[in-house]
Amino acid sequence: MTELDDPVPGIKAAVDAARGQAFLKRIASAPADALQDVERTELKGLLSARQDLKAAPGELKKELGRSVNEALAAATAAIAARRTELESAERETSLEAERLDLTEVVGRVTRGHRHLVTQARDELEDLFVGMGYAVAEGPEVETDWYNFEALNMPPAHPARSMWDTLYVRLGAPASTLLRTHTSPVQIRVMQTEPPPIYVVIPGRCYRRDTPDARHLPVFHQIEGLVVDRGITFGDLAGTIEAFTGAYFGPAIHSRLRPSYFPFTEPSAEFEVSCIFCEGKGCRVCSQSGWIELGGCGMVDPNVFTAVGVDPEEYSGFAFGFGIDRCAMMRHDVDDIRHFIANDIRFLEQF
Ligand code: 2NL
């Protein structure tokens with residue numbers, strides 16, 4: 001090889017290599033650190049070769065110089081293109097990694113849901129609202145007058161022993177208590193609203209009960225009250241039949257059996273056909289086909305008199321039942337204590 005063929009040792013080979021497809025291909029798929037190597041070795045080599053070329057004879061310098069420049073331009077452009085590509089890929093990766101998928105966060109961290117008893121309460125409220133009733137609420141700490149006396153139970157009335165009352169140390173002994181039913185709210189409604197009254201009152205009630213599968217000292221009741229002209233026992237029976245069918249389904253019916261409550265006369269217990277055997281008779285309903293749900297009756301005239309409603313002009317009915325029991329029946333819950341055990345595995349089922 002003569003000096004003319006290769007005026008700067010290795011320059012032709014370097015140029016050929018730099019202009020070869022393999023070289024450009026290598027750049028096009030090089031990772032970031034390999035790009036830097038190419039710059040440090042091949043490009044640097046070409047640059048110093050161009051420097052050395054200055055000593056070469058005129059024609060050769062021009063021709064080879066153009067080749068070197070072309071090779072340098074092509075390689076620089078390829079490196080720049082590859083670098084842009086790598087940078088945008090890197091940005092893509094970090095965006096993806098740092099992205100907050102809010103829908104996923106909501107799906108993973110559950111926000112919880114209403115307790116089964118609250119669901120039952122809401123459903124029962126909706127059902128009565130659909131029948132034209134209003135919903136009212138009232139205090140959970142009551143006076144003896146609202147919880148007992150106004151409801152036709154004067155002090156020392158034997159019927160008071162039906163309720164295991166929790167008294168509050170406030171005022172005279174045994175004068176302030178945790179309401180044993182939601183009836184005091186009905187008394188308050190009758191004191192403040194003139195008839196016609198169509199109202200349901202859901203809420204927490206308290207009794208000095210020892211917890212077992214069917215009792216808790218804190219439970220939930222919903223009571224209904226209707227006061228209007230010409231209200232009959234037939235209206236009461238029809239209302240019970242309408243709401244039990246709506247809550248438990250059209251296959252479920254109701255019946256009334258004579259009973260006693262101090263605030264209603266006549267009084268009845270109402271039963272619904274057993275939702276497990278639909279009235280055929282099974283172990284849950286002791287083969288009777290019926291399950292007791294609550295009590296009801298025509299408002300006692302003494303109650304009307306206590307709140308200033310004229311019993312000669314108005315009549316009415318009232319009913320009351322446990323929301324917890326209702327939910328237990330419909331969802332086959334065998335122990336009321338599940339509701340307050342706070343076991344997420346139980347709660348999540350509903
Ligand atoms: C039961 C029985 C009942 C009432 C509640 C009531 C309220 C007023 C006047 C008359 Cl202000 N009655 N409420 C009537 C009959 C039965 O509940 O066993 N509940 C679980």
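The values are calculated or read from the model by the stated rules, or taken from the named source; none is laboratory data. Fair warning: this is a prediction, and the values are worked out from it, not measured in the lab. Cβ atoms come from the backbone with ideal geometry, glycine included; neighbour counts cover every protein chain shown. To get the accessible areas, we keep the full protein, side chains included, count just its heavy atoms, and leave off ligands, DNA and RNA. Shrake-Rupley method; radii C 1.70, N 1.55, O 1.52, S 1.80 Å.
Please state which one of D228, D209 is touching a Pro at 6+ places or on another chain (Cβ under 7 Å), of a type in the set (D, E), open to solvent by less than 50 Å² (accessible area, probe 1.4 Å) and without any contact (Cβ under 8 Å) to a residue 60 or more places away in the chain. First the steps, then the outcome.
Numbers: D228 fails: without any contact (Cβ under 8 Å) to a residue 60 or more places away in the chain.
From the options D228, D209, the qualifying one is D209.
Looking at the structure I just gave you, is G245 open to solvent by less than 20 Å² (accessible area, probe 1.4 Å), small (G, A, S), under 18 Å from D122 (Cα atoms) and part of a strand (DSSP E or B)? The answer is no for G245. Set side by side, the residues F304, F346 differ, and just one is among the hydrophobic types (A, V, I, L, M, F, W, C), modelled with pLDDT under 95 and part of a helix (DSSP H, G or I), which is F346. If the condition is being in contact with a strand residue (DSSP E or B) (Cβ under 6 Å, 6 or more places away or on another chain) and either part of a loop (DSSP other than H, G, I, E, B) or among the charged types (D, E, K, R) (or both), then the range 270-284 contributes E271, C274, G279.
Within the range 45-64, the set of residues being closer than 10 Å to V8 by Cα, open to solvent by 40 Å² or more (accessible area, probe 1.4 Å) and not in a helix (DSSP H, G or I) comprises K54, A55.
Within the range 155-172, the set of residues being exposed (fewer than 13 other Cβ atoms within 10 Å of the Cβ) and more than 18 Å from C205 (Cβ to Cβ) comprises P155, A156, P158, R169, L170, G171, A172. Every condition in (1) open to solvent by less than 40 Å² (accessible area, probe 1.4 Å); (2) under 20 Å from P154 (Cα atoms); (3) without any contact (Cβ under 8 Å) to a residue 40 or more places away in the chain; (4) more than 8 Å from the ligand (Cβ to nearest atom) holds for S267 except the one numbered (4).
A quick yes/no check of all residues on (1) away from the ligand (no atom under 16 Å from the Cβ); (2) closer than 26 Å to P196 by Cα; (3) of a type in the set (S, T, Y):
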site: G234; (1), (2), (3): yes, yes, no
site: A242; (1), (2), (3): yes, yes, no
site: F248; (1), (2), (3): yes, no, no
site: S273; (1), (2), (3): yes, no, yes
site: C277; (1), (2), (3): yes, no, no
site: G281; (1), (2), (3): yes, no, no
site: C285; (1), (2), (3): yes, no, no
